[in-house]
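Visitor: I am attaching a structure below and will ask some questions about it afterwards.
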Amino acid sequence: MDYFLTEEQQMIVDVARQIANEKIIPQRAELDEKEEYPTDIIKTIAQADLSGLYIPEEYGGFGGGSFENILALEQFARGCIGVATVFAASALGIYPMIISGSSELKHKYLPDVASGKKTAAFALTEPDAGSDASGIQTTAVLDNDEWVLNGSKQWITNGGEANIYSVIAMTDRKKGARGATMFVVEDTDPGFSYGPKEKKLGIRASATRPLYFKDCRIPEDRIIGRVGTGFITVMKTLNISRPGIAILGVGLGQSALDVAVPYAKQRIQFGKPVISFQAVQHLLADMAIQIEAARALIYATAKYIDSKPKSISKVSAMCKTFATDMAMKVTTDAVQVLAGYGYMREYPVEKMMRDAKILQIYEGTNQIQRNVIGQELNKEYSRN
Amino acid sequence: MKIIVCVKQVPDTKDVRLDPKTNTLSREGVESIMNPFDRHALEEAVRLKEQYGGTVTVMSMGPPQAEEVLREAVSCGADEMVLVSDRAFAGADTWATSYTLAMAAKKIGIGDIILCGKQAIDGDTAQVGPGLAQRLDIPYVTYVKKIVDYSDGTMRLQRMMDDGHDEVEVTLPALFTVVKEINEPRIPSLKGKMKAKKLPVTALTAEDIGADPDCLGLKGSNTQVVRVFAPEFKGERSMLTGTVEEQVDQLVEKLNGLI
Ligand SMILES: Cc1cc2nc3c(=O)[nH]c(=O)nc-3n(C[C@H](O)[C@H](O)[C@H](O)COP(=O)(O)OP(=O)(O)OC[C@H]3O[C@@H](n4cnc5c(N)ncnc54)[C@H](O)[C@@H]3O)c2cc1C
C-alpha cells in the first residue's frame, strides 16, 4: 500500500532497506547462532547517516520525528529484530536527555550518538522491579559536587556495549514515585561495571547484561531534568518509544510473510502447491491483514505524535500491544505454513518466532499496556 | 587530491540472456546497474578523499540515462558528476571510448588519480582503463587490490597476481584499475542521496571536449562486432584405452586434430 511518503521519507526507507538486504539479512542467522553483537552493522547505519534520525539538527542529528524513526526501524526489523533492538535501545537511552535534559547535557552527549560514534542504553529494570518500576532499590546521594550511585540494574539491552547509560535511581525514598531521579552514567565512570551477557531465547544479536553501581561517582550536572522527576521522564520516554517497538513487530511480521507466501507457492503436496488449499490461503490472508492493520495504526500514531499532542500514552500503548501480539501470531503461523521445514534452523522462520516473543515483554508487558489503555479509557469516559 | 572515477552503466548480468534468434543481448526488462567493479573504484576514491582530503568526480560516457549511475555515485560520496554524452559516441569500441574519455578528462583536468574498475561486466575487455592512461600519457597499474600508502606524490600499491601480489610504486598523476578485493563498497547515505537529488550534472558533448569526429563512435572504432553467439555445448566425451604409450599417441593425435 502507498502511504504517500515524502521524498525524504522515501529516501530513509530506501537506505534502511538496502542496509537490511545487503548487511543484515545475510548475517542474521550467524549473529543469532553465535549470539554476536552486530558491530559492523551499527557502523554501516552510522555511515548511512541514520544513527541520528530522531536527534534534533542542532545536536548533529537529522531532526526527524517519530515517523522517520519508525520508517527506518521497520526496515531494520525486516532484517532482524535483534539488530533493530540494538538501534532502538540506543534511542531509548537518549530520549530521556532529548525530553528532559539540560542544553549542556544534550550538547555533550547527543552529537556523538548522532554521528554513530557512541551508543546508549536505558536502565530501569532491577531484580525486584519489573512491571512495578516503583520497586527500584538503586539509590543516588549527593555528596559535595557529586552524585554517588549504589545498586544494580538487570536485563539492560546494550549493557556492556553502550558508552552512555540513562539510569533511574531513588534520591528520596520517602517521597515514593516523586523520589526518583534520572542520571547519565558513562561506561568509564568509577564504580560502574557490568555482568555477563544473558543467554536468551531470541534477539540474540542484542546484548543484555546486568549493571552494577558501587559507590559510582558522577558529576552533579549529570542529572537529567530536576530531582524527583525521574518517573515522569521514564513515562514520557516510553510513550514515545513504544511505537518504535510496535513497528519491530510489523517489520518482523512482514519478513515472515515474505518467506511464507513464496514457500506455499512452491511446496507441492497432494499434487498441488500448498497455497491452493484454502486453509493455507486463509492463514496467509490473516497474516497479511494483521500486518497491514498494525502498520497503518503505527504510521498514523507516529504522525500524531509528531504533531505534539498532549497525551499519547493510550495510542502509544495500543500500537505496542496490537503490533507485538500480531507479530507473535504471524511468526507462529509462518512456522505452521512451512511446517517441518519451518521448524528447522535451515529456514529463517523459527528464528523469527523465537525473536517475536520479546516484543510482548520488554518496554512494558502487553498486560501492562492493556492496564494503561484501560486506565485512559476510564479517565476519558469520566470527563463529562 | 583530485580524483576522477570512471563509471559505466551496464545491464545487470543476473538477468541478461542471449536472444537465440538474433544472437544479440536481450536487454528487455533487464535492470541497469553501476558496473560492479566501478563501485569498488568509487569506494576507494571516497576513502582516499576521507583520508587525504580533496574531491571525487565521477565521469561516465553513455546515453543520457547513464546519469542514474552518476547520481548513485554521489549518494555514495562523490562530489561532482560529468556525463559525456553525444549521439556521435554510439557504437564506440574500447579504442574510441578511451579516446573520448581522454578528451573529456583533459577538458575537466586529469587531477591526481583516475580510478576505474578492472573491467566492465558487459564487454569484459579490461582495455578502457589502460587505454585511457596511455592516451593521457600517465602511468597505470591494473588489478590493484590494496593501496598501501601515499606520500610526496608517490603511491605504493599491491597488484593482484594469480599467485600472490606485486608491490608497485608509482608517481602521480596515475591511473589505477581495481579488483573487488580492494574494499567493500558502502551503502548510499541519507545525506548523499539528498545531495544527489539536487546536484547538477556537467554534460559534455563531442564538441565540448574538442574531439575529432573521425575518432568517435562506430567510425572511430577499429573493431566491429560481426556476430554474437552462445557457443554450442557439445559435451562429447571419449575414453582413451590401451597402454600408456598408446594412450599418449592417441592424445597427441587428437590434440593435433584440434589445431
Ligand atoms: C531481552 C530483554 C531486554 C530488556 N531490556 C531492557 C532495557 O534495556 N532496559 C530496562 O530497563 N529493562 C529491560 N528489560 C526488562 C523488561 O522491560 C521487563 O522484563 C518487563 O518490564 C517486565 O518485567 P518482569 O520481566 O520483571 O515481569 P513481571 O513484572 O515480574 O511480570 C510477571 C507477569 O505478571 C504480569 N503483571 C505484572 N504486573 C501486572 C499488573 N499490574 N497487571 C497485570 N499483569 C501484571 C506481567 O505482565 C507478566 O506477565 C528487558 C527484558 C528482556 C527480557
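Visitor: Go through B:PRO200, B:PRO231 for me and flag whichever is within 27 Å of B:GLY77 (Cα to Cα) and loosely packed, with under 10 Cβ neighbours inside 10 Å.
Guide: B:PRO200
Visitor: I'm trying to understand the selection: among the residues of the stretch A:61-83, which are more than 14 Å from every other protein chain (Cβ to nearest Cβ) and either more than 13 Å from the ligand (Cβ to nearest atom) or surrounded by fewer than 24 Cβ atoms within 10 Å (Cβ to Cβ) (or both)?
Guide: A:GLY65, A:SER66, A:PHE67, A:ILE70, A:LEU73, A:GLU74, A:ALA77, A:ARG78, A:CYS80, A:VAL83
Visitor: Have a look at A:ALA317, A:ALA294, A:ALA334 and point out the one that is more than 14 Å from every other protein chain (Cβ to nearest Cβ), farther than 19 Å from A:ARG28 by Cβ and more than 16 Å from the ligand (Cβ to nearest atom).
Guide: That would be A:ALA294, the only listed residue that is more than 14 Å from every other protein chain (Cβ to nearest Cβ), farther than 19 Å from A:ARG28 by Cβ and more than 16 Å from the ligand (Cβ to nearest atom).
Visitor: Test A:LEU201 against the stated conditions and say whether it is in a loop (DSSP other than H, G, I, E, B) and either in contact with a Cys (Cβ under 9 Å, 6 or more places away or on another chain) or within 15 Å of the ligand (Cβ to nearest atom) (or both).
Guide: Answer is yes for this residue.
Visitor: Scan the stretch A:85-104 for residues that are within 21 Å of A:GLN360 (Cα to Cα) and in contact with a strand residue (DSSP E or B) (Cβ under 7 Å, 6 or more places away or on another chain) and jot them down.
Guide: The answer is A:THR85, A:ALA89, A:SER90, A:LEU92, A:GLY93.
Visitor: Output the number of the condition that A:SER134 fails; it satisfies all remaining conditions of (1) at pLDDT 95 or above; (2) of a type in the set (Ser, Thr, Tyr); (3) not in a loop (DSSP other than H, G, I, E, B).
Guide: Going through (1) at pLDDT 95 or above; (2) of a type in the set (Ser, Thr, Tyr); (3) not in a loop (DSSP other than H, G, I, E, B) one by one, A:SER134 breaks only (1).
Visitor: Please find, within the stretch A:325-381, the residue that is farthest from A:PRO262 (Cα to Cα) out of those that are outside any helix (DSSP H, G or I) and acidic (Asp, Glu).
Guide: The selected residue is A:GLU363.
Visitor: Here are the criteria: (1) surrounded by fewer than 24 Cβ atoms within 10 Å (Cβ to Cβ); (2) within 16 Å of the ligand (Cβ to nearest atom). Tell me which single one A:PHE122 does not satisfy.
Guide: The one condition A:PHE122 does not meet is (1).
Visitor: Confirm whether A:THR301 is away from the ligand (no atom under 16 Å from the Cβ), touching a residue at least 24 places away in the same chain (Cβ under 8 Å), outside any loop (DSSP other than H, G, I, E, B) and within 23 Å of the chain's Cα centre (by Cα).
Guide: yes
Visitor: Being buried (at least 19 other Cβ atoms within 10 Å of the Cβ) and either more than 10 Å from the ligand (Cβ to nearest atom) or among the aliphatic types (A, V, I, L, M) (or both) is the filter here, so list the residues in the stretch A:153-162 that pass it.
Guide: Result: A:ILE156, A:GLU161, A:ALA162.
Visitor: I'd like to check something: does the stretch A:43-59 contain any residue that is crowded, with 24+ Cβ neighbours inside 10 Å and assigned to a helix (DSSP H, G or I)?
Guide: There is at least one residue in the stretch A:43-59 that is crowded, with 24+ Cβ neighbours inside 10 Å and assigned to a helix (DSSP H, G or I).
Visitor: I've got another one for you. Out of all the residues in the stretch A:84-102, is one or more in contact (Cβ under 8 Å) with a residue 40 or more places away in the chain, more than 11 Å from chain B (Cβ to nearest Cβ) and over 24 Å from A:ASN163 (Cβ atoms)?
Guide: The answer is no; no qualifying residue exists.
Visitor: Still on this structure, please answer the following. Pick out the one residue from A:GLU58, A:GLU33 that is under 25 Å from A:MET352 (Cβ atoms), away from chain B (no Cβ under 14 Å) and modelled with pLDDT of 95 or more.
Guide: Exactly one residue qualifies, and that residue is A:GLU33.
Visitor: Considering only residues that are within 23 Å of the chain's Cα centre (by Cα), at pLDDT 85 or above and β-branched (Val, Ile, Thr), which ones fall in the stretch B:208-259?
Guide: B:ILE209, B:THR223
Visitor: Sort through A:SER313, A:SER276, A:SER307 and tell me the only one that's surrounded by fewer than 19 Cβ atoms within 10 Å (Cβ to Cβ) and in contact (Cβ under 8 Å) with a residue 60 or more places away in the chain.
Guide: A:SER313
Visitor: Scanning the stretch A:339-365 for residues that are over 30 Å from A:SER313 (Cα atoms) and either aliphatic (A, V, I, L, M) or within 16 Å of the ligand (Cβ to nearest atom) (or both), which turns out nearest to the other protein chains (Cβ to nearest Cβ)?
Guide: A:LYS351
Visitor: Only one of A:SER166, A:SER134, A:SER103, A:SER115 is surrounded by fewer than 17 Cβ atoms within 10 Å (Cβ to Cβ) and within 16 Å of the ligand (Cβ to nearest atom); which?
Guide: That would be A:SER134, the only listed residue that is surrounded by fewer than 17 Cβ atoms within 10 Å (Cβ to Cβ) and within 16 Å of the ligand (Cβ to nearest atom).
Visitor: Only residues that are more than 8 Å from every other protein chain (Cβ to nearest Cβ), in a helix (DSSP H, G or I) and not hydrophobic (A, V, I, L, M, F, W, C): list them for the stretch B:173-208, please.
Guide: The answer is B:LYS180, B:GLU181, B:LYS195, B:LYS198.
Visitor: Separate question: Going residue by residue through the stretch A:139-151, is there one that turns out to be within 9 Å of the ligand (Cβ to nearest atom), at positive phi, in contact (Cβ under 8 Å) with a residue 40 or more places away in the chain and away from chain B (no Cβ under 14 Å)?
Guide: no
Visitor: Does A:ILE136 qualify as being of a type in the set (Val, Ile, Thr) and over 27 Å from A:ASN366 (Cα atoms)?
Guide: The answer is no for A:ILE136.
The values are calculated or read from the model by the stated rules, or taken from the named source; none is laboratory data. Keep in mind that this is a model prediction, so the values were computed, not measured. Virtual Cβ from ideal backbone geometry, glycine too; neighbours counted across all protein chains shown.
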